[in-house]
Number of protein chains: 2
Amino acid sequence: MKVLDGKNISNIIKAEIKESVDVRLSSGLKQPHLAAILVGDDGASLTYVGSKVRSCKQVGFISTLIRLKDSITEEDLLIEIKKLNKNNKVDGYIVQLPLPKHINEERVLLAVEPNKDVDGFHPTNFGKMALELPSFIPATPFGIMEILKRYNIQTSKKSCLVIGRSNIVGRPISILMSQKGSYGNATVTVAHSKTKNIKDLTLQADIIISALGIPEFLKEDMVKQDVVVIDVGITRVEDITHPKGYVIKGDVDFKNVSKKASYITPVPGGVGPMTIAMLLKNTLLACQRND
Amino acid sequence: MKVLDGKNISNIIKAEIKESVDVRLSSGLKQPHLAAILVGDDGASLTYVGSKVRSCKQVGFISTLIRLKDSITEEDLLIEIKKLNKNNKVDGYIVQLPLPKHINEERVLLAVEPNKDVDGFHPTNFGKMALELPSFIPATPFGIMEILKRYNIQTSKKSCLVIGRSNIVGRPISILMSQKGSYGNATVTVAHSKTKNIKDLTLQADIIISALGIPEFLKEDMVKQDVVVIDVGITRVEDITHPKGYVIKGDVDFKNVSKKASYITPVPGGVGPMTIAMLLKNTLLACQRND
């Protein structure tokens, strides 16, 4: 059994991005610039955005954090987005979710210029990804593909079960795993809340990618020997013995499933750290496309 | 066993569209207008486009056929497309494929204004479909969903095997069948050229949608009792006993598989006739969105 160390890979990717930035700067090319819009002051969102801003610094990007009041109207938020769309100094930007309830999230995400949509949430980018055209792949599925590549885990001709059909993880990763290429070409099944007899499916899968959000859902008796397990679940579970009062649990009973797995991502330290690295990678791509 | 009569359903849909057009006209609303660009004079393409033009007449649409020489440059074709994008009289249009080899098909399809892309081939429409936003669904998968609905074939909680991962059939139908809703919610597996042991998969499936292009690939011993079979394959097979010198074969050995199937589409007369009906439906939708 080998633990897929997302933390380590994300650091390698960040170092590679830093190197690209250094080469760019010494060649007189533009420094990549990521902007983030944060509406309100939700604690978790502040933490995420803060972490993205720090990561920009690490890799030598310019970052701009645009903080807007919780009470901002949808129209005013759309005006800020139009400004970013027009601002040539910004290569890519994200709108930190969730947005306040009085704002239509869909309308906001559709207003983001696809060429700057480094989160890869705009339909145009989703469609380009599905049709195998250059696009921005959402960070989490992009990170999963990168883990598989870096560990040289061949997926061609393998059966892959994706648990979850969300727009930002399950659906895109199911498409990517099924596309042509040595880190694709898997026979992919998408399971979800209406799937019957899920254990029959998990027992058959060579690769399981779980993005369900049910702590320790996947048990040892549900997987076959030498399965590859990618755990995208991140759920806070109350734990009064822990200083924070909670622990983070994945979808997989790591302790026991890891006994049978050939490769497995831990939680935390697996897919999680990859998301910021791939957001930075998308921003670098956006900048390179502007050269 | 029940034969899913696509010919009959397509006629019902066309009658419904005709009725909507009549109501529109008597309400003083605009008559729907479909345009088609045909480059060159390939026989099959002429037949297809001719059939689309005739169907427009049947349902009361205006149709415009723009015929361009085989020798047209990509730039000149793109100028024609820009004209159609700007022409307010045209609700939707198609560019008949294939295009001559000197023209980059991808570049042309990307130039089509998504709001007029009634073929649903533009990435923005593909992405919107995948993200469950209003879009134009490509005619063949749209037609398959419509057959399932009209025959009230429940798909929720069923296992569905899609054979083929093309951008215009396999991939989109796999997404539609897996989405929420009573004619979705299936647990979908996508098989393709790199899939191992396909018989294991066909034998387990409650619903099989085959878009492979191998005549009579799916045999009786590969399916379970009461399977629902949707055959998207259309291959010309030489047959000197037939006046045309060929017959059209589907992916399914209809004669024998139909003995075990609960529902099955024939070829011809199954999915095929639905494609034009759904193209017309998309054009009506485009027109309605312009009201």
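Bear in mind that the values in this text are calculations on the coordinates, not laboratory data. Remember, predicted model here, so these are calculated numbers, not experimental data. Counting neighbours? That spans all protein chains shown, and the Cβs are built from the backbone with ideal geometry, glycine included.
The figures follow:
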read-out: Descending Cα extents along the principal axes, segment B:139-273, whole Å; value: 47, 30, 28
read-out: Peptide A:127-138, shielding by other chains (average Cβ, 10 Å cutoff); value: 4
read-out: Number of partner chain Cβ atoms within 10 Å, mean per residue of B:177-184; value: 3
read-out: Calculated FRET value between B:Asp226 and B:Ile62, using beta carbons and R₀ = 30 Å, to 0.05; value: 0.10
read-out: Rounded to 10°, Cα long-axis angle of helix A:74-86 versus longest principal axis of chain A; value: 80 degrees
read-out: Normalised contact order of segment A:102-147, rounded percent, pairs of Cα under 8 Å and 6 or more residues apart; value: 28 percent
read-out: Residue-by-residue Karplus 3J(HN,Hα) for segment A:195-212, coefficients 6.51, -1.76, 1.60, Hz, glycine and proline x; value: 7, 8, 6, 4, 4, 4, 6, 5, 5, 8, 7, 6, 10, 10, 10, 10, 9, 10
read-out: Under 12 Å, Cβ to Cβ, from A:Lys128 - net charge with Lys/Arg +1 and Asp/Glu -1; value: -3
read-out: Sorted peptide list for B:99-108, B:117-126, criterion being average Cβ within 10 angstrom, highest first; value: B:117-126, B:99-108
read-out: At 7 Å out from Cα toward Cβ: A:Gln288 inter-copy label distances (nm, ascending); value: 4.5
read-out: Sorted peptide list for B:74-83, A:83-92, criterion being average Cβ within 10 angstrom, highest first; value: A:83-92, B:74-83
read-out: Cα gyration tensor shape of the protein assembly as shown, rounded if a/c is under 1.5, else prolate or oblate by comparing a/b with b/c; value: oblate
read-out: Label distances, nm, A:Leu203 versus same residue in remaining copies, Cβ-directed 7 Å point; value: 1.5
read-out: Test item: B:195-206 mean partner chain Cβ contacts at 10 Å; value: 2
read-out: Fraction of antiparallel bridges per DSSP, chain A only, in percent to nearest 5; value: 10 percent
read-out: Hits among aspartates and glutamates - C-alpha to C-alpha of A:Lys101 under 16 Å, sequence gap 8 or more where chains match; value: A:Asp41, A:Asp42, A:Asp70, A:Glu74, A:Glu75, A:Asp76
read-out: Residue-span extension gain [A:Lys157 to A:Val247] - 0.36 nm each, minus C-alpha spacing; value: 28.7 nm
read-out: Between helix A:139-150 and chain A: long-axis angle, C-alpha atoms, 0 to 90°, nearest 10; value: 60 degrees
read-out: Rg/Rg_globular for segment B:249-291, with Rg_globular taken as 2.2 N^0.38 Å and Rg from C-alpha atoms; value: 1.72
read-out: Share antiparallel - DSSP beta bridges, the protein assembly as shown, percent rounded to 5; value: 15 percent
read-out: Cβ-vector label at 7 Å, B:His242, separations to other copies in nm; value: 6.5
read-out: Helix B:43-59 vs. chain B, principal-axis angle (Cα, 0 to 90°, nearest 10); value: 80 degrees
